[in-house]
1. If you count the DSSP beta bridges with both ends in the chain, what percent of them are antiparallel, to the nearest 5?
2. 222 nm [θ] for the chain, helices only, -39500 (n - 2.57) per DSSP H run of 4+, per residue, to 500?
3. Which one, (1) 51, 33, 31; (2) 174, 30, 23; (3) 51, 39, 23, gives Cα extents along the principal axes in Å as derived from the coordinates shown?
4. Quote the charge dipole size of the stretch 2-172 about the Cα centre in Debye, to the nearest 20; the model charges only the Cβ of Lys and Arg (+1) and of Asp and Glu (-1).
5. Place +1 on the Cβ of every Lys and Arg and -1 on the Cβ of every Asp and Glu in the stretch 2-172, take the dipole about the Cα centre, and give the residue among T9, M115, Q126 whose Cα lies farthest towards its positive end.
6. What distance in nm separates the two pseudo spin-label positions at R167 and V54, each 7 Å out from Cα along the beta-carbon direction?
7. For the pairs K2/K136; K2/K155; K44/K155; K21/K155, note any where the Cα-Cα span goes beyond 25 Å.
8. What ranking do L109, L31, L119 get, fewest neighbouring Cβ atoms within 10 angstrom at the top?
Amino acid sequence: MKLYHTGNTEIRDPNIRRGRKNADFGQGFYLSPDMEFAYRWAGKDAIVNEYDLVESGLYIHRFRRDEEWFEYIFNNRRANDSLSADVVIGPIANDTIFETFGIISSGFLKTEDAMKLLLVGPVYTQVAIKTEKAAKQLRWDRSVRIEKADRDLKKADLENYQADFARAVREIVGEE
């Protein structure tokens, strides 16, 4: 599997312990199989590292953008990773996930309404390398420095997402 990691340095030997414990899929080294996404979201002077993951012998858990995925992220944001997979693959949660979790915890938003909000926006895939076993099967190929970021594409994506999110909120509160 071809994977990409965008950052500010070349990373030939990823460290799975450097990541946050309360990230979407828990602590690990995060990548994307979507080359366009990796390059599109790279900032100026970013470096995109390219890897190959040898999948044989690994326990890989794949999520769809559904309630199981939501529950897993919800628990991980509380640093409670209940899955013992070598690799976790699934959608990236949209930018409202922190606020959505807070609103659910406060009792102002039902879980089914939260799911509606979390389904807004494009689906980009993330891959979390969670174990040393998986990290050893991740082979660095090369790195590419991004000289110029395409700010217009990022801005258009954000504007479209915000409009779609506002529409979903209006539907939930009965204004649409």
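Every number here is computed from the coordinates shown, using simple stated rules; none is lab data. Computed from a predicted structure; not experimentally measured. Cβ coordinates were reconstructed from backbone atoms using ideal geometry, including for glycine residues, and neighbour counts include every protein chain displayed.
1. Expressed as a percentage, antiparallel bridges in the chain total about 90.
2. -10000 deg cm²/dmol
3. Answer by label: (3).
4. 420 debye
5. T9
6. Each label point lies 7 Å from its Cα, and together they span 4.7 nm.
7. Where the Cα-Cα span goes over 25 Å, the pairs concerned are K2/K155; K21/K155.
8. Listed from fewest to most nearby Cβ atoms, that is L119, L109, L31.
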